[in-house]
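**Q** Here you go, one structure.
Just so you know, all these numbers are worked out from the coordinates, no wet-lab data involved. All of these numbers come straight from a predicted model, not from anything done at the bench. Glycine gets a Cβ as well: all are built from the backbone with ideal geometry, and neighbour counts include every protein chain shown.
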Amino acid sequence: MNPWVGLLKKEFRISRLWIFGSVGFVVISNLIAYAFSLKYGDPGILFVPSIVIVAFHVFYVAFFMFVSLQIESRHLHLWMHTSQSAFRLLGAKLFVGVVGFLVSFLVAGIFAYVGFVQLRGSYIAKETWDSMLVLNSGLIVAGNIVFLSICIAIWLVFCWTVYRLCKQFAPKLGIIMTSIIIVLFAWLENWFGKTALYDRLTKWGYFDIEFINTMVMNGKHVILEKTEYFPLGVLVYYACIAIGLFLLSAWLIDRKVEV
């Protein structure tokens, strides 16, 4: 068997309870909200919880990685003393986390879309309803949540790696040193974001995106179409940072972190 496939199977095996549990939580929570919406005749009771659950998925992969890495840290020497590189070890966890996220997110997204459709007529004027615009807007939001969730997870992996490294040199000051380094990174990113070089790296490849904008008329929301110009360069820039941090984390674990 390919070692990479075996590693993925191992990660799926130890994570299946988390994956199925998260999907079960999404389904049960939304079904409870749907039951209350039927009882009180208010479709908003389904829509609001469903949107909250969708939004919280932005932290799904990060939380998955944190729990998984914390479990591995209990017997770090067993996890790292393998023929697999840190890149593959971390990559397997990230892959499984993203798969679990996508399954749970898809289920949550379906409930959110159904909840939004239920608002038609009661909260949203039927004559302004545009199914394609609603679906297009939902896909744009979903794409951003997926991208952000993966980026946050990679940042967490980097923070965990820095913490393990700091704890190795100063066991009692690991958290403090890690916090200082993370704050420094955040400050540098904020400073760089105000420079002309940042604008040159990010403000290119503009494309149109059409999504929902609403206004209230006669007590109901009216769906309007709003067009924005979004630079592709921003996605490429932050994707490169995420990839760089992931590679740096793997390199540090392979060569600097001791067990």
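**Q** Set the Förster radius R0 to 30 Å, insert the Cβ-Cβ distance between Phe185 and Glu72 as r into 1/(1 + (r/R0)^6), and round the FRET efficiency to 0.05.
**A** Values: r = 24 Å, r/R0 = 0.79.
Computed FRET efficiency for Phe185 and Glu72: 0.80.
**Q** Sticking with this structure for a sec: For the stretch 3-255, what is the relative contact order in percent, using Cα pairs closer than 8 Å and at least 6 residues apart in sequence?
**A** Values: 248 pairs, mean separation 57.1, N = 253.
Relative contact order, the stretch 3-255: 23 percent.
**Q** Another question about this same structure. Rounded to whole Å and sorted largest first, list the principal axis extents of the Cα atoms in the stretch 3-255.
**A** 65, 48, 35
**Q** Counting only DSSP beta bridges with both residues in the stretch 3-255, what percent are antiparallel, rounded to the nearest 5? Could you put the intermediate results ahead of the total?
**A** Values: 12 of 14 bridges.
Once the DSSP bridges in the stretch 3-255 are tallied, antiparallel ones form about 85 percent.
**Q** How much length is gained if the chain between Ile175 and Val236 is pulled fully straight, taking 0.36 nm per residue apart and subtracting their Cα-Cα distance, in nm to one decimal? Write out the running numbers ahead of the final one.
**A** Numbers: separation 61, 0.36 × 61 = 21.96 nm, distance 3.13 nm.
Full-extension gain reported as 18.8 nm.
**Q** Turning to a different aspect of this structure: Out of Ile180, Leu252, Ala239, whose Cα points farthest toward the positive end of the dipole of the stretch 3-255 (charges: +1 Lys, Arg; -1 Asp, Glu; placed on Cβ)?
**A** Projecting each Cα onto the dipole axis, the largest value belongs to Leu252.
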